[in-house]
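The values are calculated or read from the model by the stated rules, or taken from the named source; none is laboratory data. It should be emphasised that the depicted structure is a prediction, and the values quoted were computed from it without experimental measurement. Reconstructed Cβ throughout: ideal geometry from the backbone, glycine too, with neighbour counts over all protein chains shown.
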Amino acid sequence: METLESVDWVAAEDTRHTRPLLQSLGINQSLISLHDHNEAQRSVQLLERLQQGETGALVSDAGTPLINDPGYHLVKLLREHGVNVVPIPGASAVITALCAAGLPTDRFSYEGFLPAKSGKRCLVLAGLKEDVRTLVFYESPHRVQATLLDLQQVLGGDRVMSVARELTKKFEQFVQGTIEEVIAYFEANSDKVRGEFVLMVMGAKEKEAVALSEWDGLIDVLLQQNLPVKQISEIVADYAGIKKKPIYSRVLELKGK
């Protein structure tokens, strides 16, 4: 209630649902619609208002924003531009942390606490390496740095992650970057290794259903026709039903041989 009263505006999934709620609380607040069909454009508008010094709140009709509800594109945009995002606590630290992390939330897997021993921990992580969902773990302060090192070893240091600690408390903090960057931060700021942690790691990239090399024959035929690389990549991508960018790279590779 304090948040909804104090902000300059409230972005709502459906203002027709939110207005009665606010009225029942005696709050007369400016409402802005933010839903699946207008989120991309609306997020840019709200970013501009926040950068001008305004404050805002995001609510959804039921449940928690971003968890199968609108908000991911807005939070991601705000994080990219250094705008502070503060989650209002939901039912658990998992949900509370994901709301402000700026990582994909359409699918995620909560894995709880990883094993205490590094060997068993790495075995569990190896089984999750190809999972395309955002992975969420709890971790204690005395083990978080060792766990981060195992994440780097198994998943690779360039995987993007977000670490939340002390959620809803005085020293709440989010640290975001690659696994390697997060490790470097906590090594340089050992005084921050306190409290309860939620580790959120970007899922693995989706693999192409068909190996690009299977289209080399068609690419070679088109190259012999002296067609532009861009046109060849468009033809093959459309015919194969796969993304154009990897095909474009493969055409360049074959053309240079």
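Would you confirm, using the coordinates I've provided, whether LEU199 is of a type in the set (A, V, I, L, M, F, W, C), assigned by TED's automatic domain parsing to the domain that holds PHE113 and modelled with pLDDT of 95 or more?
It is true that LEU199 is of a type in the set (A, V, I, L, M, F, W, C), assigned by TED's automatic domain parsing to the domain that holds PHE113 and modelled with pLDDT of 95 or more.
In the stretch 12-32, how many residues are over 16 Å from ALA62 (Cβ atoms), among the hydrophobic types (A, V, I, L, M, F, W, C) and not in a loop (DSSP other than H, G, I, E, B)? Before the answer, list the steps.
Taking the stretch 12-32 as the starting set, the residues that turn out to be over 16 Å from ALA62 (Cβ atoms) are 23, 25-32.
Pick out the ones that are also among the hydrophobic types (A, V, I, L, M, F, W, C) and you get 25, 27, 31-32.
Checking the rest, the ones that are also not in a loop (DSSP other than H, G, I, E, B) come to 31-32.
Final tally of qualifying residues: 2.
Might you let me know whether the stretch 51-60 holds any residue that is at pLDDT 95 or above, aliphatic (A, V, I, L, M), assigned to a loop (DSSP other than H, G, I, E, B) and not assigned by TED's automatic domain parsing to the domain that holds VAL136?
no
Does LEU77 satisfy the condition of being within 12 Å of the chain's Cα centre (by Cα), in the same structural domain as SER30 (by TED's automatic domain parsing), outside any helix (DSSP H, G or I) and without any contact (Cβ under 8 Å) to a residue 40 or more places away in the chain? If you could, list the steps in order and put the result at the bottom.
Working: within 12 Å of the chain's Cα centre (by Cα): yes; in the same structural domain as SER30 (by TED's automatic domain parsing): yes; outside any helix (DSSP H, G or I): no; without any contact (Cβ under 8 Å) to a residue 40 or more places away in the chain: yes.
No.
Scan the stretch 95-119 and report the pairs whose first residue is within 17 Å of PHE197 (Cα to Cα) and whose second residue is polar (S, T, N, Q) and assigned to a helix (DSSP H, G or I), with Cβ atoms within less than 8 Å and a gap of 6+ or a chain change.
Correct list of pairs: LEU114/THR147.
Surrounded by 14 or more Cβ atoms within 10 Å (Cβ to Cβ) and on the phi > 0 side of the Ramachandran plot: which single residue out of GLY102, GLY82, GLY112 fits that description?
Numbers: GLY82 fails: surrounded by 14 or more Cβ atoms within 10 Å (Cβ to Cβ); GLY112 fails: surrounded by 14 or more Cβ atoms within 10 Å (Cβ to Cβ).
None of the others qualify; the one that does is GLY102.
Checking the structure you have, find out if any residue of the stretch 16-29 is within 25 Å of the chain's Cα centre (by Cα), among the basic types (Lys, Arg) and at negative phi.
No, there is no match, as no residue in the stretch 16-29 is within 25 Å of the chain's Cα centre (by Cα), among the basic types (Lys, Arg) and at negative phi.
Being modelled with pLDDT of 95 or more, under 30 Å from TYR248 (Cβ atoms) and among the basic types (Lys, Arg) narrows it down to one of ARG121, ARG143, ARG165, ARG159, so name that one.
ARG159
Kindly check whether there is at least one residue in the stretch 62-71 that is at pLDDT below 90, over 15 Å from the mean Cα position of the chain (by Cα) and either part of a strand (DSSP E or B) or buried (at least 19 other Cβ atoms within 10 Å of the Cβ) (or both).
Yes, the stretch 62-71 contains a residue that is at pLDDT below 90, over 15 Å from the mean Cα position of the chain (by Cα) and either part of a strand (DSSP E or B) or buried (at least 19 other Cβ atoms within 10 Å of the Cβ) (or both).
Taking the stretch 1-26, which residues are farther than 20 Å from PRO87 by Cα and of a type in the set (A, V, I, L, M)?
Selection gives LEU25 alone.
Quick one: which of TYR138, TYR185 is farther than 21 Å from LEU128 by Cβ, under 22 Å from the mean Cα position of the chain (by Cα) and of a type in the set (Ser, Thr, Tyr)?
TYR185
When you check LYS192 against the structure, is it more than 18 Å from TYR110 (Cβ to Cβ) and at pLDDT 95 or above, yes or no? Steps first, please.
Values: more than 18 Å from TYR110 (Cβ to Cβ): yes; at pLDDT 95 or above: yes.
In short, yes.
Show the residue pairs meeting these rules: Cβ distance below 6 Å; 6+ apart or different chains; first residue within the stretch 5-34 and loosely packed, with under 13 Cβ neighbours inside 10 Å; second residue not in a helix (DSSP H, G or I).
Listed pairs, sorted by first residue: LEU25/MET1; SER30/TRP9.
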